[in-house]
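Asks: Have a look at this one.
The values are calculated or read from the model by the stated rules, or taken from the named source; none is laboratory data. Note that the structure is a prediction, hence the values are computed from the model and not measured. Please note: Cβ atoms are built from the backbone with ideal geometry, for glycine as well, and neighbour counts cover all protein chains shown. Ligands, DNA and RNA are stripped out before the accessible areas are found, and what is left, the full protein with its side chains, is counted by its heavy atoms. Shrake-Rupley method; radii C 1.70, N 1.55, O 1.52, S 1.80 Å.
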Amino acid sequence: MRLFEYQGKELFKKYGIHVPRSILAKSIDDAVAAFGELPNPVVLKAQVLAGGRGKAGGVVTVSNVSQARKEAERIMALRIGGERPSALLLEESSRHEEEMYLSVTLDRGRRSFVTIASRAGGIDVESLSGRVMEPIPIEGLNDSLAADVAGKLSLSGRTKDEFLKTLLNLERLAREEECELAEINPLAIKESGEMVALDSKIILDDNALFRHPEFSLLEPEDPLEGEAAKQGFAFVRLEGDVAVVGNGAGLVLSTLDLVADTGGKPACFLDLGGGSQRDRVEAALRLVRMLPNAKRVLVNIFGGITRTTDVAEGLRAVLAEGGMQPIYARLSGAGEHEAKMILQGTPVKLYRSAPEAVEAVVRGD
Amino acid sequence: MEVFGVDMTESTSVIVRGITGRYGSLHTKLMLQYGTRIAAGVTPGKGGQSVEGVPVYDTIKEAVSKTGSTTSILFVPAPSLYQAVEEDIMAGVRFLVAITEHVPIRDTLKVLSLATKHGAHVVGPNTPGVILPSRKVKLGIMPGTSFRPGSLALFSRSGTLMYEVANQLSVSGYGQAIALGIGGDPVNCTTMIECFDWASERDDVDGVVMVGEIGGDVEEMLAKHITQSGFGKKVFAYIAGRAAPKEKKMGHAGAIIYGNFGTAESKISALKAAGVHVAMTPAEIPRLVEKSIKKS
């Protein structure tokens, strides 16, 4: 789960990492009112989860009320990576000398958390120059390991002290809140040597949320994705017209590829999960029925533990309710002949292989 | 057949953690049907019961001392996986298959560190398990009917895709010496590289089929390893997720592209550079295998 910048900064504050003074505004009027409460000039920042916010015009500095209103209106109407800003963060403009990059993240290949730091901040982590990367022991970072990182960055004096504090606090945050990524980019160094986090990027470990119930109060990014998550489905909304449903993440993923290779555009990714019963199939299809861009539905089942007869019965039940998009199905494996019988007389189109079903659903026969 | 320190034979026996749950009892039945010997089950508070004729104990310690089995398969809920693994290892279990999905990353790292310290081997978590068709050993949730004895090794990050590929290979006349799912999580306690190292030592393995997917750099690291170690067997691969969007978790916790990290393109080009035969669809795998390996 990704947090918005302002949510990440709340966590920074909780862990003693300095952030600029800011006010969150959910409406344009709130933004205008907040402008007056902060020292001039003020930075307006769109609150979106998508990347590329700066390039899309989602961050701007304003110095008077009418400009604040005009820019707030403009930003709230933006679409950044297909996403409308959910709020505006108004922040005091922070004068600083230098910018750094600092993060704590999982290194999957190394099978360890690592800290990545660089004296050149403000750009993508991939293109960081002179970056330092150090593995973090399972029990957490200690003073001497943190000092090694500062040493490799050739930091000294007040800057070094501030950096050590920030690094240790960020690592404690990432560990205690169970983040996959906790990133400060840029981390500004003020003339006084004080360090301030100008932006935040936090990705929580979804599988650890049961230990952090406070985050479950956060609104899901997409209501339909939220509903699917509640029902225990892996669901991702996409922009095409062919809903892709199957059993098993890898199988659905490979079906998306087949659809795209055949010239189609997937409307969603929906994994029923293993050993799905009839009621799960029904619930999944009802979700797909609510997806406005889904014009046709592809159901790809490799029945091993999942019984294709359960799937067939689920399909028949939902079709009987009405309003369901046309279904193209490949049901292979345990019980496939009985499944075929169950679907006789229904409008479900059955195919022997996944490629055949994909071609038909993309053409829309 | 020795697999990660365990001699897997028809008489290898296993202890099922969480045997009385819906999933645990269903798969106990299916594993028994396949031919796997299940010595005992463990569910705290359910000691004295039996599931499919298998005796249930309250603790793993009791189960190990009564049966002598040092292999376990875990169906416990994610929040208690770490504790169950710790109990298993302390009780002397040395080979663990963690089926459990949704395990927090930091718990998996703790599992890995504990296993390494005690010389135990963990497959998973979030794995379909491991199957050795010629030995009638199935430690997992895969449908036994998709697999046939043979001389290919099949390693996969995904469950159903592994079944689908195994099925197509079996139908085409290519059986498997082993099929093992490393798991769909960002951190796998058994790595793809360990699997390949195992396969390279086996005279009864002619070729390896690897099913990968987007996210992380397992495949890129493997490609480097294939080149550097001079891996001597034919390798075939399929990578799922060429059409997946970025920054979205595609079902598996580990199947996510961040920026340009973890894309299918990067994996496919790394594997091709290492001389791996890369299929563009699962159905293409048996056709590629047919071109370079004779049916046994």
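Asks: Taking a 20 Å limit on the Cα-Cα distance, which of the listed pairs B:233/B:295; A:265/B:267; B:233/B:291; B:224/B:272 fall beyond it? Write out the running numbers ahead of the final one.
Replies: Details: B:233/B:295 15 Å; A:265/B:267 23 Å; B:233/B:291 14 Å; B:224/B:272 11 Å.
Result: A:265/B:267 exceed 20 Å.
Asks: Roughly how big is region A:98-209's charge dipole about its Cα centre, with Cβ charges of +1 (Lys, Arg) and -1 (Asp, Glu), in debye to the nearest 20?
Replies: The calculation lands at about 360 debye.
Asks: Continuing with the same structure: Measure off 7 Å from each Cα along the Cα-to-Cβ vector at residue B:59 and residue B:22, then give the distance between these two points in nanometres to one decimal.
Replies: 3.1
Asks: Related question: Using modelled backbone amide H atoms (1.01 Å from N, in-plane), which distant-in-sequence or interchain residues come within less than 5 Å of residue A:303's amide H?
Replies: A:332, A:333, A:334
Asks: Starting from the Kirkwood Rh over alpha-carbon pairs, what translational D in µm² s⁻¹ does chain B have by Stokes-Einstein at 10 °C and 1.306 mPa s?
Replies: The calculation lands on 83 µm²/s.
Asks: Also, quick follow-up: Output the residues of region B:249-290 meeting this criterion: accessible area (heavy atoms, 1.4 Å probe) in the chain alone minus accessible area with all protein chains in place is 40 Å² or greater.
Replies: B:249, B:250, B:251, B:258
Asks: Report the one residue of B:103, B:33, B:74 whose Cα lies farthest in the direction of the positive end of the charge dipole of chain B (charges on C-beta: Lys and Arg +1, Asp and Glu -1; origin at the Cα centre).
Replies: B:33
Asks: Also, quick follow-up: Between residue B:228 and residue A:129, what is the label-point separation in nm under the 7 Å Cα-to-beta-carbon projection?
Replies: The modelled label-to-label distance comes out at 2.8 nm.
Asks: Report Rg (one decimal) and Dmax (nearest whole number) for region B:1-128, counting Cα atoms only, units Å.
Replies: Considering region B:1-128 through its Cα atoms, Rg and Dmax are 13.3, 36 Å.
Asks: Same structure again: Modelled label-to-label distance, residue A:79 and residue B:246, 7 Å Cα→beta-carbon offset: nm?
Replies: Label at residue A:79, label at residue B:246, 1.9 nm between them.
Asks: From the phi angles alone, apply the Karplus equation (6.51, -1.76, 1.60; θ = phi - 60°) to region B:209-215 and give each ³J(HN,Hα) in whole Hz, x where the residue is Gly or Pro.
Replies: Running phi through 6.51 cos²θ - 1.76 cosθ + 1.60 with θ = phi - 60° gives 10, 10, 10, x, 7, 4, x Hz.
Asks: Continuing with this model, one more query. Take every Cα pair under 8 Å in chain B that's 6+ residues apart, average their separations, divide by the length, and report that relative contact order as a whole percent.
Replies: Computed value for chain B: 13 percent relative contact order.
Asks: Taking the Cα centre as origin and putting +1 on Lys and Arg beta-carbons and -1 on Asp and Glu beta-carbons, what dipole magnitude results for the protein assembly as shown, to the nearest 20 debye?
Replies: Numbers: 75 positive and 81 negative charges, 267 e Å.
For the protein assembly as shown, the charge dipole is close to 1280 debye.
Asks: When ligands, DNA and RNA are left out and all protein chains stay put, how many square angstrom of accessible area per residue does region A:98-209 have with a 1.4 Å probe?
Replies: With the other protein chains kept in place, region A:98-209 gives 38 Å² per residue.
Asks: Over chain A, what is the relative contact order in percent, taking alpha-carbon pairs closer than 8 angstrom and at least six residues apart?
Replies: Numbers: 732 pairs, mean separation 44.2, N = 365.
This gives 12 percent for chain A.
Asks: Run lengths n ≥ 4 of DSSP H only: what is the helix-derived mean residue ellipticity at 222 nm for chain B, with -39500 (n - 2.57) per run over all residues, to the nearest 500? Before the final figure, lay out each step's value.
Replies: Values: 9 runs with 97 residues, N = 296.
That comes out to -10000 deg cm²/dmol.
Asks: In cubic angstrom, how much convex hull volume per residue do the alpha carbon atoms of chain A span?
Replies: Expressed per residue, the convex hull around the Cα atoms of chain A is 161 Å³.
Asks: Would you please name the trypsin sites (Lys or Arg not before Pro) within region B:232-296 that are DSSP coil residues with at most 11 other C-beta atoms within 10 Å of their C-beta?
Replies: B:294, B:295
Asks: A follow-up question, please. Nearest 0.05, what FRET efficiency do residue B:29 and residue B:7 give at R0 = 30 Å with Cβ-Cβ as r?
Replies: Efficiency, from the Cβ-Cβ distance: 0.75.
Asks: If R0 is 30 Å, what FRET efficiency do you get for residue A:147 and residue B:117 from their C-beta distance, rounded to 0.05?
Replies: Using R0 = 30 Å, I get an efficiency of 0.65.
Asks: Something else now. Note down the relative contact order for region A:21-92 as a percent, whole number, built from C-alpha pairs under 8 angstrom at least six residues apart.
Replies: Averaging sequence separation for qualifying contacts and normalising by length gives 48 percent for region A:21-92.
Asks: If you don't mind, there's one more thing I want to ask. Taking 29 Å as the cut-off for C-alpha to C-alpha distance, list the pairs among B:61/B:249; A:160/B:246; A:295/B:29; B:61/B:110; A:45/A:295 that go past it.
Replies: Values: B:61/B:249 38 Å; A:160/B:246 36 Å; A:295/B:29 41 Å; B:61/B:110 21 Å; A:45/A:295 37 Å.
From the list (B:61/B:249; A:160/B:246; A:295/B:29; B:61/B:110; A:45/A:295), the Cα-Cα distance tops 29 Å for B:61/B:249; A:160/B:246; A:295/B:29; A:45/A:295.
Asks: Report the full-extension gain for the segment residue A:353 to residue A:222: residue separation times 0.36 nm, less the Cα-Cα distance, to one decimal in nm.
Replies: Values: separation 131, 0.36 × 131 = 47.16 nm, distance 3.28 nm.
So the chain would gain 43.9 nm between residue A:353 and residue A:222.
Asks: Where the Cα atoms of region A:1-148 are projected onto their three principal axes, how long is each span, largest first, in whole Å?
Replies: That works out to 50, 32, 27 Å along the principal axes.
Asks: Follow-up question, since we're still on this one. Pull out the extension gain between residue A:214 and residue A:231, defined as 0.36 nm times the separation in residues minus the alpha carbon to alpha carbon distance; nm, one decimal.
Replies: 4.1 nm
Asks: Of the options A:192, A:209, A:157, report the single residue whose Cα projects farthest towards the positive end of the charge dipole of region A:98-209 (beta-carbon charges: Lys, Arg +1; Asp, Glu -1).
Replies: About the Cα centre, the residue reaching furthest to the positive side is A:157.
Asks: Quick check: convex hull over the Cα atoms of region A:98-209, volume per residue in Å³, rounded to an integer?
Replies: Once divided by residue count, the hull of region A:98-209 is 98 Å³.
Asks: Just the accessible area per residue of region B:108-187, please: how many Å² with a 1.4 Å probe?
Replies: Values: 1750 Å² over 80 residues.
Normalised by residue count, the accessible surface of region B:108-187 is 22 Å².
Asks: Something else: How big is the protein assembly as shown along each principal axis, measuring the range of its Cα positions in Å and listing the largest first?
Replies: That works out to 76, 60, 53 Å along the principal axes.
Asks: Hey, another quick one. Choose one of B:190, A:335, A:22: the residue whose Cα lies farthest towards the positive end of the charge dipole of the protein assembly as shown (beta-carbon charges +1 Lys, Arg; -1 Asp, Glu; about the Cα centre).
Replies: Selected residue: A:335.
Asks: A further question on this structure: For every helix of n ≥ 4 consecutive DSSP H residues, a contribution of -39,500 (n - 2.57) applies; sum these over chain A, divide by its total residues, and give [θ] at 222 nm rounded to the nearest 500 deg cm²/dmol. Write out the running numbers ahead of the final one.
Replies: On the way: 11 runs with 126 residues, N = 365.
So the calculated ellipticity at 222 nm is -10500 deg cm²/dmol.
Asks: May I ask you to give the average projected area over all directions of the convex hull of the Cα atoms of region A:21-92, in nm² rounded to one decimal?
Replies: Numbers: hull surface 15.9 nm².
Answer in nm², one decimal: 4.0.
Asks: Just to be sure I follow the definition: excluding the sites themselves, where is the longest run in chain A that has none of the trypsin sites (Lys or Arg not before Pro) in a DSSP loop with at most 13 other Cβ atoms within 10 Å?
Replies: Values: sites that count: A:21, A:26, A:55, A:79, A:95, A:110, A:352.
Here the longest run is A:111-351.
Asks: Related question: Treating only the Cβ atoms of Lys and Arg (+1) and Asp and Glu (-1) as charged, compute the dipole magnitude of region A:223-363 about its Cα centre; round to the nearest 20 debye. All intermediate terms of the calculation are to be shown ahead of the outcome.
Replies: Working: 16 positive and 16 negative charges, 48 e Å.
That gives region A:223-363 a dipole magnitude of about 240 debye.
Asks: Whole percent per 5 Å bin, from 0 to the bin with the longest distance: what is P(r) over all C-alpha pairs of region A:223-363?
Replies: Binned Cα distances yield the sequence 2, 11, 24, 26, 23, 12, 2, 0.
Asks: Enter the per residue convex hull volume of region A:296-363, computed from alpha-carbon coordinates, in Å³ rounded to the nearest integer.
Replies: Enclosed volume per residue, from the Cα hull, is 69 Å³.
Asks: From the gyration tensor of the Cα coordinates in region A:139-264, what semi-axes in whole Å does the equivalent ellipsoid have, largest first, with each one equal to sqrt(5λ)?
Replies: Largest first, region A:139-264 gives 41, 18, 15 Å.
Asks: Please identify every one of the GluC sites (Glu not before Pro) in region B:152-256 that sits in a loop by DSSP and has no more than 12 other beta carbons within 10 Å of its own beta carbon. Intermediate results must be reported in sequence, preceding the final value.
Replies: Numbers: sites: B:164, B:194, B:201, B:213, B:219, B:220, B:247; in loops: B:201, B:247.
Sites meeting the loop and neighbour criteria: B:201.
Asks: Then there is this: What does the buried accessible surface come to for B and A, summed over both chains, with the probe at 1.4 Å? Round to 100 Å².
Replies: Roughly 4000 Å².
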